[in-house]
Each structure stands twice: as C-alpha cells, then as structure tokens.
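To keep things clear, I will list the structure first and then write my remarks on it.
What follows is calculated from the coordinates using simple rules that are stated; it is not laboratory data. Nothing here was measured: the structure is a model prediction, and the numbers come from that model. Glycine also receives a Cβ, built like all others from the backbone with ideal geometry; neighbour counts cover every protein chain displayed.
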Amino acid sequence: MNERLPPLTALRAFEAAARHMSFAKAAEELNVTPAALSYQIKALEADLGMPVFRRLNRAVELTEAGRALAPGTSDAFASLSAAWRNTKRLNNNDVLTVTAGPAFTSKWLAPRLYKFAQEHPEIELRFHAGLRVADFDRDEVDVAIRFGIDVAEGLFAAPLHQEWMTPMMTPELALTIQTPEDIGKTMLIHDDSVAFLKMDWDWPSWCKAAGVTLDTEHGLRFSQADHALDAAISGAGVVLGRITLATRALESGRLVAPFDVGIIADAQFRLVCPAGHEKRPNIKAFHDWVMNEIASSRRFEDGRLLVYAKDLAA
C-alpha cells in the first residue's frame, strides 16, 4: 500500500473546508480562489481514490472518508501551528509570558512588577493568573510559578521558598491577644486553598505545634488564600497566613505575626519551565529577579520555631 501523503496544500484545503463546511469560506481563509481550493480537494480525492465531500446545492457535507480524515488533519495542523509558534518564541526574548495562581499573582507578583520593569525595560511581561496547570506548548506560556509537591518530568523547576504558616492579625487586634490561648477569643480565618495537598497544615496542626488547645471548628472559611489574607487585613480575625503571600502585608505593618511558632508544608513554590529554556535570557532574568525578591521573606524566619506539618501528623 502506498502511504505517501498528499501535498500539504491539499490537506490544508481539506482541513479548512471541513472546518467551515464551506468551500467559499475556506478559500477566503486561505486567501485563494474557490476554484483553486476546489482543485486542491479534487487532487486529494484523486490521491485517496474516493471522495471526501458530497457536493450539494450551495452546500457540502463530509463523506464517510471525509469524516475519518477530518479529525486527524485538524489535530495535525493545530499541532503544527503550535510547534511553529513555540519555535519562533525561542528567538523572541522581548516578551515573557508568566502564569501563576491568583493569590501569588495578587499578593506577591503584582506589587513588585514595577521593580522588574525598571530593571529590565527590554522585556515585556504578560501574565495569566489561574490554577490550571499550564501546558507550555498549548498555552504559549514561558514560565509558570506553581505551589505543590511534585514536578512533572521534562521540566526545569527552581524551588523559590519553603512555605510556612503562622497566625497573623492586624496590629490593633494583636493588642488584645497576648498568648496563643487568646486566639480562641477572636474569629479564626481558615485558608482552605491548601486542602488539595491532603496533609495536616491547618489550625489544629498549629495548635499542636504551639502546645495549646483551641476550638478550631468555628470561623470564616475561604477557598482562596488572598481572600483569607484580605479578611485578616480588614480586622475580621486571625488568619493562619502563608508567609510568601503575606510578606508585603507584614513589611507594611498591615499584619503582624506575634508568635514564634510556624508550621512548614512539604509543598513549596517553584519556578517552572521546559528543561533547557531556563537558559534563555528573558527567563534567566526573570528567575534571577524572583530569587532575589523572594529572599525578603526569609527574614521573618529569624527566631521562630518552624515545625514540619508531616512531623505533627506522626
């Protein structure tokens, strides 16, 4: 059996016509005449030995052969287009597309972007905030910042910071809370965004590490970490705040963390990109800048007893 593929132009004509179910619209998209497009499809049908379209009055429909061919050609051209765009991006160091979770974007990235822009005016940053795991080829993303435990194979992953939690509150509320036991007298704020980690990294764990017994069932619950922090900043109660996300609030004095006990997660923030891409000038510049900025979070570790959540569960 001769498995030689027909000319790419004939397959492209068929794919466009099958997608539009119109020779005229396909010809317009490909910037050719309807006669030229019809010629390409007839040549494909001659190569195949059977028709792929049934010509009707002012309409077309796929034959059985056309229906069998259409999905593969559509996927193939989509993959080819994505590969072409991604390959061209390798030579484009003027634009950097970054994806990160909404909380990290709003609480960590966004307040610092002016610094990166000042240091690297030659790089245009584009952001996509979302929790969906990025497909670097499909989504045309250069760098992802993700929080979790595992990293997929074939990726470069640079750990940014070991995340830990400790009670945080406004300075005004802190005046009424002198001991860990006093936390039980106010509203607890729960950050449920970490529930996907399936580990004990919550208020009961912190109480165990601090050696106190509190009723931790009550309080406000938020599915997004930045919303939980915003509630604490507004004075609604005490949040078990994540240090990376809360650094700016602590530096500005909007929140304080008066107790010296914190609990560390097995998970951490990582800067991720396809293996080998970390050497690209724009990605390296962004990586180095993030590493330098994230270092400011480490000063809040001084003098604290940081306990691993996994040890508390033992």
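Segment Tyr39..Ser223, full-extension length gain: 60.5 nm, with 0.36 nm per residue of separation and the alpha-carbon distance subtracted.
Count Lys and Arg as plus one, Asp and Glu as minus one, and take only other residues whose Cβ is under 14 Å from that of Ala43; the net charge is then +1. Comparing Leu62, Leu109, Leu96 in a Gaussian network model of the chain (Cα springs below 10 Å), the most mobile by mean-square fluctuation is Leu62. Available extension along the chain between Val133 and Lys25 is 35.4 nm, counting 0.36 nm per residue and deducting the alpha carbon span.
The charge dipole of the stretch 180-291, taken about its Cα centre with unit charges on the Cβ atoms of Lys, Arg (+1), Asp and Glu (-1) only, comes to about 560 debye. Taking label points 7 Å from Cα along the Cα-to-Cβ direction, Val95 and Met291 give a separation of 2.8 nm. The HN-Hα couplings worked out from phi for the stretch 166-173 by the Karplus form 6.51 cos²θ - 1.76 cosθ + 1.60 (θ = phi - 60°) are 7, x, 9, 7, 6, x, 5, 5 Hz, whole numbers, x standing for Gly and Pro. Distance between the C-alpha centres of the stretch 154-220 and the stretch 271-310: 22 Å, rounded to the whole angstrom.
Relative contact order (percent) for the chain, with alpha-carbon contacts under 8 angstrom and 6 or more residues of separation? Relative contact order, the chain: 20 percent. For the stretch 8-89, the Cβ-based charge dipole about the Cα centre amounts to some 260 debye (Lys, Arg positive; Asp, Glu negative; other atoms uncharged). For the stretch 50-136, GluC sites (Glu not before Pro) are listed when DSSP marks them as loop and at most 12 other Cβ atoms sit within 10 Å of their Cβ; the list is Glu122. The slack in the chain from Thr179 to Arg304, taken as 0.36 nm per residue of separation less the alpha-carbon distance, amounts to 43.5 nm. The alpha-carbon atoms of the chain define a convex hull whose volume equals 203 cubic angstrom per residue. When both bridge partners sit in the chain, DSSP labels roughly 55% of those beta bridges antiparallel. The amide H of Leu62, built 1.01 Å from its N in the peptide plane, has Arg54 as neighbours under 5 Å, considering only residues 5 or more places off or on other chains.
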